[in-house]
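To start, the structure itself, in structure tokens.
The values are calculated or read from the model by the stated rules, or taken from the named source; none is laboratory data. Bear in mind the structure is a predicted one, so any value in this text is a computation, not a measurement. All Cβ positions, even for glycine, are placed from backbone atoms using ideal geometry, and neighbour counts span all protein chains on display.
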Amino acid sequence: MDTIASLFSFITWPVSWVIVQFHKVYGAIFGPDTGWAWGLSIVSLVVLIRICLIPLFVKQIKSTRNMQALQPKMKAIQERYKSDKQRQSEEMMKLYKETGTNPLSSCLPILAQSPFFFALYHVLSNIASGKEIGAMNQALVDSARQAHIFGAPIAAKFTDSPEKVEALNASLTDVRIVTAVMIILMSASQFFTQRQLMMKNVDLSVKTPYMQQQKMLMYIFPVIFAVMGVNFPVGVLVYWLTTNVWTMGQQMYVINQNPTPGSKAQDAYLQRLLKSITHHGEVRGRRRKSVVKVIVAKGSDRNENERRFFGGLSKAGFVAQADGSVVKGEALPAEAEGAAAKRQQPKRQTKAQRQAAAAQATVSKDAGEGSESTAVEKASPSLEKKPQDTAKSGASGTGAKGEAQGDKPARPSRANSGGSRQQGKTGQRKGQQRPKHPSSKK
């Protein structure tokens, strides 16, 4: 560890100078040789560094959002190359390159503060040895050696020998208890930070390398810091515990106020927003209006949480507008009406159902046509003659032509009667036929 810390010796002087400046302020309040003065100086160093790293944290959030926006394409790649994992990885990396997305961006804050971490470790190691370092002269080094946090010197380690701990005017039991508690708290805070990111602020509907990376960090980082923590001085443990608590609070704020679309945190945020709108009758706050505006602009691309939010607005009698505000109204927006109409389409019928419907329609049509034919026959009695008229015509001896003319109407009557009987049996109608000559064969 000392070898690694020596690589960052170029930043040792600025780190030690910042600690000295904070020590002057806290030393005037709590006393220059107290653990409160030196401990709060280290905590203030962490806060200053994390404030300077806020731009990197913002970049981390943007990269996370880009990863979320790429999830539909990632899912398509996973489905397309389901059986070829190597090709799937190649296509994923190609997508990252085309969109300029870095899945390792979540590590940027940790990597950026690593030089300060090792520089502080180098400073505390020299304090334990009683050597001047950076902006700290011998008087300040001796003052820091006398500072204790809950009975443990800030330069003591869990693995120090009893003789070295006694030289710092402390007991080995106190040092190991304090360092063990700090290591546990440091690892627990690291695990909780990653867990709340995975469980609340990630869209779990699509499995991506980003999710696998976060899951790996959730379990590996706490173990790494727990193993390495036994070699950290108490002052370094204070530094790392403070930065973990800062990260946890910062992450909690982002999850509550700017959640990832499609995550559980977004659902909880939108439900809180819906409750506020229902209670006040309006969208309060510029940031909240921008959230509603973005959701309205998405249209049909809204996720399940956003559709549920709009459904709750509709039930409460509100309609979201394009500018992010809401107005009273019972009618849904045109876009929502179209989606509702689309969902209300009848289900597709089976083949048996379609055939039954077609047969019923045919029977109804034939029944209508039969009624129409009966009405036509009643309206045209001149087209038919009774059988006795035909007999009288034959007895008068008017000739073959007259007989033929007199017999023609009688044949269609019998044919039509038979056709009617056939129609009643089969349910089909062949139409009116031309009457046949009496001399023709049946």
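Brief remarks follow.
- Condition check for residue 113: in contact with a Lys or Arg (Cβ under 8 Å, 6 or more places away or on another chain) and either surrounded by 17 or more Cβ atoms within 10 Å (Cβ to Cβ) or part of a helix (DSSP H, G or I) (or both): yes
- Scope region 81-101; condition surrounded by fewer than 13 Cβ atoms within 10 Å (Cβ to Cβ) and not in a helix (DSSP H, G or I); matching residues: 82, 83, 84, 100
- Breaking point among (1) part of a helix (DSSP H, G or I); (2) within 30 Å of residue 262 (Cα to Cα); (3) at pLDDT below 85, for residue 126: (2)
- For region 246-257, the criterion of being under 30 Å from residue 48 (Cβ atoms), at pLDDT 90 or above and touching a helix residue (DSSP H, G or I) at 6+ places or on another chain (Cβ under 7 Å) is met by at least one residue.
- Any chance residue 176 is surrounded by 14 or more Cβ atoms within 10 Å (Cβ to Cβ), part of a helix (DSSP H, G or I) and modelled with pLDDT of 85 or more: yes
- Given (1) closer than 24 Å to residue 199 by Cβ; (2) not aromatic (Phe, Trp, Tyr); (3) not in a helix (DSSP H, G or I), number of the condition residue 283 does not satisfy: (1)
- Checked against the criterion of being buried (at least 17 other Cβ atoms within 10 Å of the Cβ) and hydroxyl-bearing (Ser, Thr, Tyr), the candidates 125, 171, 129, 161 yield just one match: 125.
Residues are listed down the side, and each one gets a yes or a no for (1) touching a residue at least 12 places away in the same chain (Cβ under 8 Å); (2) assigned to a loop (DSSP other than H, G, I, E, B); (3) not aromatic (Phe, Trp, Tyr):
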residue: 262; (1), (2), (3): yes, yes, yes
residue: 267; (1), (2), (3): yes, no, yes
residue: 275; (1), (2), (3): no, no, yes
residue: 290; (1), (2), (3): yes, no, yes
residue: 298; (1), (2), (3): no, no, yes
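- Residue 27 being out of contact with any strand residue (DSSP E or B) (no Cβ under 9 Å at 6 or more places or on another chain), farther than 30 Å from residue 93 by Cα and surrounded by fewer than 14 Cβ atoms within 10 Å (Cβ to Cβ): no
- Checking the stated criteria, residue 37 turns out not to satisfy the condition of being loosely packed, with under 15 Cβ neighbours inside 10 Å, among the small types (Gly, Ala, Ser) and assigned to a helix (DSSP H, G or I).
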